[in-house]
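Undergrad: What follows is a single structure, and I will ask about it in a moment.
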């Protein structure tokens, strides 16, 4: 493998790892093996620490492909707790309000989910990396400020209800780049008049790459430590 000319690695990102943690681990292993101080390594499509699943990591000149990789259609499996909300729309923050769920039925949930298919407007979460005048929204939110985030147009290709109870639903979502599943959980909860927040998220596909094509962090670390590495001639003779 030639990591300077560029390779694309597909990782099953572990729970509680940041996307930067994954990049840092891979860069560290490679720079030690290559005996280099610096190597371009980047990821295509951020996953929150509380999410797992498909993550593309590019090295060397392959980092030029990051934008095209990010543009691929994505698929997620998401579990949404109903009857309560949190400021971050997931488990990063504590419940701030509760709502009734007695009126919920599987039929109502399926009918409501159908209204989210197609082109929709979505306001990103306050706890997100969106920038407002150079400041990350999550930095403002954690200081008690309310970021003024504008709605974005995105496309939801499919939503399938995989599991239902009045307390929680599990859905499969196929969507475009830029979709915040946490914000989708918020909006579904609002549409159901029950409130909602994300409790589990797994990205199962990016473009044509599925979770079955991915390696765990343990597997990728072992691979990078053992694989035969090809050096460009100009690098090998330095």
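The values are calculated or read from the model by the stated rules, or taken from the named source; none is laboratory data. Everything numeric in this text was worked out from a predicted model, so none of it was measured. For neighbour counting, all protein chains shown are included, and Cβ atoms are generated from backbone atoms with ideal geometry for every residue, glycine included.
Undergrad: Tell me which residues, restricted to the range 37-61, are in contact (Cβ under 8 Å) with a residue 12 or more places away in the chain and over 28 Å from residue 179 (Cα atoms). Spell out the reasoning first.
TA: Narrowing the range 37-61 to residues in contact (Cβ under 8 Å) with a residue 12 or more places away in the chain: 39-61.
Across the range 37-61, the qualifying residue is only 39.
Undergrad: Right, something else. In the same structural domain as residue 160 (by TED's automatic domain parsing), touching a helix residue (DSSP H, G or I) at 6+ places or on another chain (Cβ under 8 Å) and either within 15 Å of residue 216 (Cα to Cα) or modelled with pLDDT of 95 or more (or both): which single residue out of 78, 56 fits that description? Break it down into steps so the answer makes sense when it comes.
TA: Details: 56 fails: in the same structural domain as residue 160 (by TED's automatic domain parsing).
Checking each option against the conditions leaves just 78.
Undergrad: On to the next question. Under 6 Å between Cβ atoms, which residue pairs at least 6 apart in sequence (or on different chains) link something in the range 213-238 that is over 21 Å from residue 14 (Cβ atoms) with a partner that is modelled with pLDDT of 95 or more and surrounded by 10 or more Cβ atoms within 10 Å (Cβ to Cβ)?
TA: Short answer, once both residue conditions are applied: none.
Undergrad: Go over the candidates 150, 131 one by one and state the one that is over 23 Å from residue 84 (Cα atoms), modelled with pLDDT of 80 or more and surrounded by fewer than 14 Cβ atoms within 10 Å (Cβ to Cβ).
TA: Numbers: 131 fails: modelled with pLDDT of 80 or more.
Unique residue meeting the criteria: 150.
Undergrad: Can you tell me which residues in the range 134-147 are free of Cβ contacts under 8 Å to residues at least 12 places away in the same chain, surrounded by 14 or more Cβ atoms within 10 Å (Cβ to Cβ) and within 15 Å of residue 93 (Cα to Cα)?
TA: Selection gives 139 alone.
Undergrad: Looking at this structure, is residue 93 modelled with pLDDT under 95, surrounded by fewer than 18 Cβ atoms within 10 Å (Cβ to Cβ), within 26 Å of residue 191 (Cα to Cα) and not assigned by TED's automatic domain parsing to the domain that holds residue 230? So that I can check it myself, show each step before the final result.
TA: Working: modelled with pLDDT under 95: yes; surrounded by fewer than 18 Cβ atoms within 10 Å (Cβ to Cβ): yes; within 26 Å of residue 191 (Cα to Cα): yes; not assigned by TED's automatic domain parsing to the domain that holds residue 230: yes.
When the stated conditions are applied, residue 93 passes them.
Undergrad: Next question, about the same structure. I'd like to know if the range 31-47 contains one or more residues that are part of a strand (DSSP E or B), in contact with a helix residue (DSSP H, G or I) (Cβ under 8 Å, 6 or more places away or on another chain) and either assigned by TED's automatic domain parsing to the domain that holds residue 184 or under 28 Å from residue 162 (Cβ atoms) (or both). Before you say what the answer is, go through the steps one by one.
TA: Taking the range 31-47 and keeping what is part of a strand (DSSP E or B), we get 41-44.
In the following step, the residues that additionally are in contact with a helix residue (DSSP H, G or I) (Cβ under 8 Å, 6 or more places away or on another chain) were identified as 41-44.
With the extra rule that they be either assigned by TED's automatic domain parsing to the domain that holds residue 184 or under 28 Å from residue 162 (Cβ atoms) (or both), the set shrinks to 43-44.
There is at least one residue in the range 31-47 that is part of a strand (DSSP E or B), in contact with a helix residue (DSSP H, G or I) (Cβ under 8 Å, 6 or more places away or on another chain) and either assigned by TED's automatic domain parsing to the domain that holds residue 184 or under 28 Å from residue 162 (Cβ atoms) (or both).
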